[in-house]
1. When only residues in the stretch 7-52 that are in a loop (DSSP other than H, G, I, E, B) and among the aromatic types (Phe, Trp, Tyr) count, which is modelled with the lowest pLDDT?
2. Return yes when Thr390 is of a type outside the set (A, V, I, L, M, F, W, C), more than 20 Å from Ala254 (Cα to Cα) and buried (at least 21 other Cβ atoms within 10 Å of the Cβ) and no when it is not.
3. Given Ile333, Ile315, Ile378, Ile303, which one is crowded, with 18+ Cβ neighbours inside 10 Å, part of a strand (DSSP E or B) and in contact with a strand residue (DSSP E or B) (Cβ under 7 Å, 6 or more places away or on another chain)?
4. Which of the numbered conditions does Val370 fail, given that it passes all the others? Conditions: (1) under 22 Å from the mean Cα position of the chain (by Cα); (2) touching a residue at least 60 places away in the same chain (Cβ under 8 Å).
5. Exactly one of (1) farther than 16 Å from Ser218 by Cα; (2) small (Gly, Ala, Ser); (3) in a helix (DSSP H, G or I) is unmet by Ser4. Its number?
6. Confirm whether Phe366 is in contact with a strand residue (DSSP E or B) (Cβ under 9 Å, 6 or more places away or on another chain), outside any helix (DSSP H, G or I) and surrounded by 16 or more Cβ atoms within 10 Å (Cβ to Cβ).
7. Quick check on my filter: what residues within the stretch 291-315 are hydrophobic (A, V, I, L, M, F, W, C), at pLDDT 95 or above and more than 28 Å from the chain's Cα centre (by Cα)?
8. Would you be able to say whether some residue in the stretch 270-286 is within 26 Å of Asn349 (Cα to Cα) and assigned by TED's automatic domain parsing to the domain that holds Cys393?
Amino acid sequence: MTRSCDPLPLVPETWDELGLDDYLKNYPNGDKIHLADYVGSKNASNFVCGIGSICDAGQMCYPVTDQDWYILFALQQWNSISNMAFAAIGYAINIVQATVNSLISTMFPAVDISGATHGKQSLAISATMMEVSGTLMMDVMMLMGAETGPVGWVLNVLNFAMAGGMAIWAFKRKVPKGPIVEGFGVWTDVVFQLAALEENAQNVISDAVKKVINSPISSDDGIYGVLKGGAFLNPTKMLVIPEVADHLRKVTMAMSMNLVLRSMNSYITIGADVCTDKGENGAWPQKDRLSYCPEHGGPMYNIIRAVGDKSVNAIPNANVVNEIFEFSTKMIIEVSVNCQQKHNEFGHNPYTKGNFPKSETDECVFNVPVCDCRSGDIRSSIKDHKQHVTEACRKHGGLPI
């Protein structure tokens, strides 16, 4: 008998109040029938869920009533979120492609990347952009009101597994010396890898949705498993794409910039030089340097590159980091230093398990390795034994450069 055609509040508490977990878990023949059988028995045969489909529960009592309407409404929300996540993959990767295109075209034309170096650099950049893509996909879903449930978790696991594999491959390749070439090859490699990621990640979501639809409704793999607890009994909040773009573009660029700097074997030195030069507060004035001085005469903070055992102060087109991408050297250094001091490790990344940065200044968005050249062994190696800063930081500071 129908109790009412006016639905109770659409919140998880209503799900619990109506005992819908038990209702689904113990539904007659629920260990045998699938979603299509269930909705057909409720005269809702036009309720078809899936990627590319819109299943609409409609108004209560027309035709579905009581507990079953709440279940169909929750399924409608789950289906909307799944389709949103599917679309978000392509959207997120488009943002990353545009970002890496800008970064590579401005920062890589003058970097040695020929032969095996090209292969190593391409793989490392591809891996880092996979990492950014994975975080961005999840962030899009979070912004649009989705929960990081089983589908999102599988997507993230797939993405970071791929990134880890390519990063290991890149690390193992040896790099001979070679001439300077342009960055087009790096870009084409990244495009290829991102396209593969998009296809694979969308397949993960599509397969996960199909599994729920085609599994017995009372099973953990079926609608009982995905709906239990009433997590989807909330109307889905959908943000329009321009709003999402405005929110994400800056932080995506920051994460990409950080990873490009890391792929160039960049690191931060503190106190290897003194702030007595002609730049602001005594920093280096050259446009191809990333240098920062808190005060004149104090320790200089620089972002430099390791090339073999030598230190290279120049970073090709370093001026675009601030002038075009609007990331100050001070900000990159401060975020990186704070990250390393807080976590006492190099390259800490807190954004792999469901927490996502909201601005470029958030914790560890920049995590360039830091070498404090004022410390005993490092300082002694540089000053007394005339070692290059890179060699001293690697040997005595343990930097992964």
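The values are calculated or read from the model by the stated rules, or taken from the named source; none is laboratory data. It should be emphasised that the depicted structure is a prediction, and the values quoted were computed from it without experimental measurement. We place every Cβ from the backbone using ideal geometry, glycine too, and count neighbours over all the protein chains shown.
1. First, the residues of the stretch 7-52 that are in a loop (DSSP other than H, G, I, E, B): 7-11, 18-19, 26-34, 42-52.
Checking the rest, the ones that are also among the aromatic types (Phe, Trp, Tyr) come to 27, 47.
Numbers: Tyr27: 96, Phe47: 92.
Among them, the one singled out is Phe47.
2. Details: of a type outside the set (A, V, I, L, M, F, W, C): yes; more than 20 Å from Ala254 (Cα to Cα): yes; buried (at least 21 other Cβ atoms within 10 Å of the Cβ): yes.
Considered against the rule, which asks whether it is of a type outside the set (A, V, I, L, M, F, W, C), more than 20 Å from Ala254 (Cα to Cα) and buried (at least 21 other Cβ atoms within 10 Å of the Cβ), Thr390 comes out as yes.
3. Details: Ile333 fails: part of a strand (DSSP E or B); Ile315 fails: part of a strand (DSSP E or B); Ile378 fails: part of a strand (DSSP E or B).
Answer to the selection: Ile303.
4. With (1) under 22 Å from the mean Cα position of the chain (by Cα); (2) touching a residue at least 60 places away in the same chain (Cβ under 8 Å) applied to Val370, the lone miss is (1).
5. Among (1) farther than 16 Å from Ser218 by Cα; (2) small (Gly, Ala, Ser); (3) in a helix (DSSP H, G or I), the lone unmet condition for Ser4 is (3).
6. On the way: in contact with a strand residue (DSSP E or B) (Cβ under 9 Å, 6 or more places away or on another chain): no; outside any helix (DSSP H, G or I): yes; surrounded by 16 or more Cβ atoms within 10 Å (Cβ to Cβ): yes.
Here the answer is no, as Phe366 does not meet what is asked.
7. The answer is Cys293, Met300.
8. First, the residues of the stretch 270-286 that are within 26 Å of Asn349 (Cα to Cα): 270-271.
Those left that are additionally assigned by TED's automatic domain parsing to the domain that holds Cys393: 270-271.
So far as the stretch 270-286 goes, yes, one or more of its residues are within 26 Å of Asn349 (Cα to Cα) and assigned by TED's automatic domain parsing to the domain that holds Cys393.
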